[in-house]
Every structure is written in C-alpha cells, then in structure tokens.
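Step one of this worksheet: look at the structure below.
The values are calculated or read from the model by the stated rules, or taken from the named source; none is laboratory data. All values reported here derive from a predicted model rather than from experimental measurement. Cβ: placed from backbone, ideal geometry, glycine included. Neighbour counts: every protein chain shown. The area values use the complete protein model at the heavy-atom level, side chains included, leaving out ligands, DNA and RNA. Shrake-Rupley method; radii C 1.70, N 1.55, O 1.52, S 1.80 Å.
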Amino acid sequence: INSKSLNRDVIFLLDRTASMWNLIDKYKKEGLDLSKRILDGGGQVALYTYGDIGQNEWPYKLADFGNSYEKIEAGFNNITPMGGGDKPESLLSALSSVMKEQTWRIGATKSIVVLTDTNYHNPDFDGTTIGKIINQSYAIDPVNIFIINEDADLKETLEKVALPTGGQVFTNVDSLSTNMLASRPNITLPLTEYSGAPGQEFSFAVSASDDVISYDWDLDFDGNYELTTSSPIVSKTYLGP
C-alpha cells in the first residue's frame with residue numbers, strides 16, 4: 001500500500017422521491033461542496049439517486065468513481081424529485097446495489113453518504129435486510145454509512161443501519177464535516193497480505209496520520225477488538241492456520 005491509501009472513496013446516495021422537494025436544492029449544494037473537498041484532497045466520488053423499488057424506482061447512477069468534478073456537478077444538477085408513494089423508501093436495496101457496483105480502492109477509506117427525509121423498508125422489497133448491509137459493508141473494508149436526515153424522530157431507526165458500519169446519523173451536512181470524511185484519521189499496513197506457518201509470530205506495524213491517538217486491533221478477524229494500544233505496533237502468534 002502506498003501513500004494513495006490515504007485517499008477517500010465516497011458514494012453520495014440521494015433520495016430523489018417527491019417528498020424531497022423542500023430539501024433537494026439544499027442537499028444538492030451541500031453534497032456538491034463536500035464532493036469538491038473530497039476530490040481536492042485526492043479522493044474519489046460517485047453519485048447515485050434512489051427511490052422505492054416497490055414503485056419500480058431503482059437506484060440510478062449519475063457518476064462513477066474516477067469522474068471529474070464537472071461530471072459530479074452535472075450529476076447533482078440533474079437530480080429532480082419525482083415518484084414515491086408510501087413514506088419509507090428502498091434505502092437498503094440501494095445501499096447493497098451501490099456497494100457492489102463500484103470498484104473500491106485497496107487502502108482507501110470507504111464511505112456512503114445518504115441524503116434523505118424519511119426511513120426505509122426492512123426488509124426491502126427484494127429481501128435486503130439491515131443484517132445483509134452490515135455484512136456487505138464489512139466484507140468490503142468496511143464501508144462506513146453516514147445518513148443525513150433532518151427529522152430527529154427518525155435518528156434511532158436510521159442508526160440501526162449506520163452505527164454498526166462505523167458510520168453515524170446527522171441532522172445536517174455541516175455536522176458531517178471534513179473531519180469525518182476528508183480529513184479523518186487513517187492507518188495503513190505496509191503489506192496487503194501476510195502469510196507464515198502456525199506457531200510463527202507476526203508483527204503488524206502501521207503507518208498513521210498524526211491525529212491517531214490509539215489503535216483497536218481485531219487480530220482474529222471475528223469482528224471484535226480484543227486489544228487496544230497507544231503504539232502502532234503489535235505482535236501475535238497464530239497457533240493454527
């Protein structure tokens with residue numbers, strides 16, 4: 001992994017249904033401003049809209065990773081709210097779709113930023129559940145899911161999707177500052193793969209940005225952090241393959 005591992009891969013996923021009329025211009029401007037900061041910092045941005053697949057409104061791609069700011073800007077400017085029906089939308093299906101469709105870079109910090117005014121179907125019409133989204137997120141790196149929603153009454157429901165992936169729920173885009181996306185702490189390992197014989201001690205020494213103050217280690221990859229250190233170096237002996 002080289003210095004490009006400090007980059008960010010961020011997908012913006014914008015609710016395009018009719019109830020977003022009073023928010024769409026604000027969200028488009030804030031999403032575009034945040035996109036520019038990410039791109040200026042060496043990151044990548046992709047852009048999708050989503051609706052309710054029960055109303056035949058499937059996720060729609062407006063820009064891929066690797067596209068220029070001009071392409072991202074044109075994508076945001078072309079979003080017009082329409083459709084919908086019942087209040088919940090197909091967020092879970094959309095999250096699953098966009099995670100699979102984009103090619104995430106090894107070593108990049110990975111995030112999806114959802115901009116919406118409502119909650120979600122669980123399970124979704126295609127059977128997608130919160131559990132599937134969490135597993136899919138971690139299978140990739142994980143992909144941290146951040147949700148912007150101005151309705152404080154929905155925060156607890158939305159956190160069931162965001163928090164297990166390492167993301168959060170915010171009531172405005174300003175709260176999702178560059179400290180969370182464009183300037184958040186990063187650590188990288190010098191190798192992408194380690195191998196050896198049972199009984200051999202492995203040493204993991206990471207490179208870190210200056211703002212890292214502690215390290216949580218999941219050395220057996222079971223989803224639980226069994227060790228916290230202030231040092232960027234840790235060793236472990238694996239007794240079996």
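List of remarks:
- Near ALA46, the amide H atoms lying under 5 Å from its own belong to VAL10, ILE11, PHE12; only residues 5 or more places off or on other chains count, and H is placed 1.01 Å from N.
- Placing +1 on each Lys and Arg Cβ and -1 on each Asp and Glu Cβ, with no other charges, gives the chain a dipole about its Cα centre of roughly 540 debye.
- Our estimate of slack between LYS160 and ALA208, defined as 0.36 nm per intervening residue step minus the Cα-Cα distance, is 14.3 nm.
- Expressed as a whole percent, the accessible area of the chain that falls on carbon and sulfur atoms is 49 (1.4 Å probe).
- Each peptide among 92-100, 70-78, 16-24, 230-238 gets the average number of other Cβ atoms lying within 10 Å of its residues, and from highest to lowest they stand as 92-100, 16-24, 70-78, 230-238.
- Relative packing of 147-154, 49-56, 214-221, which averages over residues the other C-beta atoms within 10 Å, highest first: 49-56, 147-154, 214-221
- A Stokes-Einstein calculation at 10 °C with viscosity 1.306 mPa s, built on the Kirkwood radius of segment 99-164 over Cα pairs, returns a diffusion coefficient of 124 µm²/s.
- Derived scalar couplings ³J(HN,Hα) [segment 187-202; Karplus, 6.51 cos²θ - 1.76 cosθ + 1.60; whole Hz; x for Gly, Pro]: 10, 9, 9, x, 10, 9, 8, 10, 8, x, 8, x, x, 7, 8, 9
- Taken along its three principal axes, the alpha carbon spread of the chain comes to 60, 37, 29 Å, from the longest extent down to the shortest.
- Projecting the Cα atoms of ALA63, ASN144, ILE187 onto the dipole axis of the chain, where Lys and Arg carry +1 and Asp and Glu carry -1 at the beta carbon, places ALA63 farthest toward the positive end.
- Cβ-Cβ FRET estimate between ALA74 and THR237, R0 fixed at 35 Å, reported to 0.05: 0.05
- Across the options GLY127, MET82, GLN102, the greatest Cα extent toward the positive end of the charge dipole of segment 1-153 (unit charges at beta carbon of Lys, Arg, Asp, Glu) belongs to GLN102.
- Size descriptor, Kirkwood hydrodynamic radius, that averages inverse alpha-carbon separations across segment 31-139, Å: 14.8 Å
- In this calculation the C-beta distance from THR229 to TRP58 is compared with R0 = 41 Å, giving a FRET efficiency of 0.35.
- Cα gyration tensor category, rounded, prolate or oblate, for segment 66-119 with a/c compared to 1.5: oblate
- Residue-normalised accessible area of the chain, expressed per residue, 1.4 Å probe, Å²: 50 Å²
- Charge dipole magnitude, Cβ of K and R +1, D and E -1 - segment 43-131, Cα centre, debye nearest 20: 360 debye
- Between the Cα long axis of helix 91-101 and the first principal axis of the chain there is an angle of about 60°, rounded to the nearest 10.
- Computed E for GLU193/ASP220 - FRET, C-beta separation, R0 22 angstrom, nearest 0.05: 0.85
- Whole-angstrom gap from segment 94-173 to segment 1-71, using each part's C-alpha centre: 13 Å
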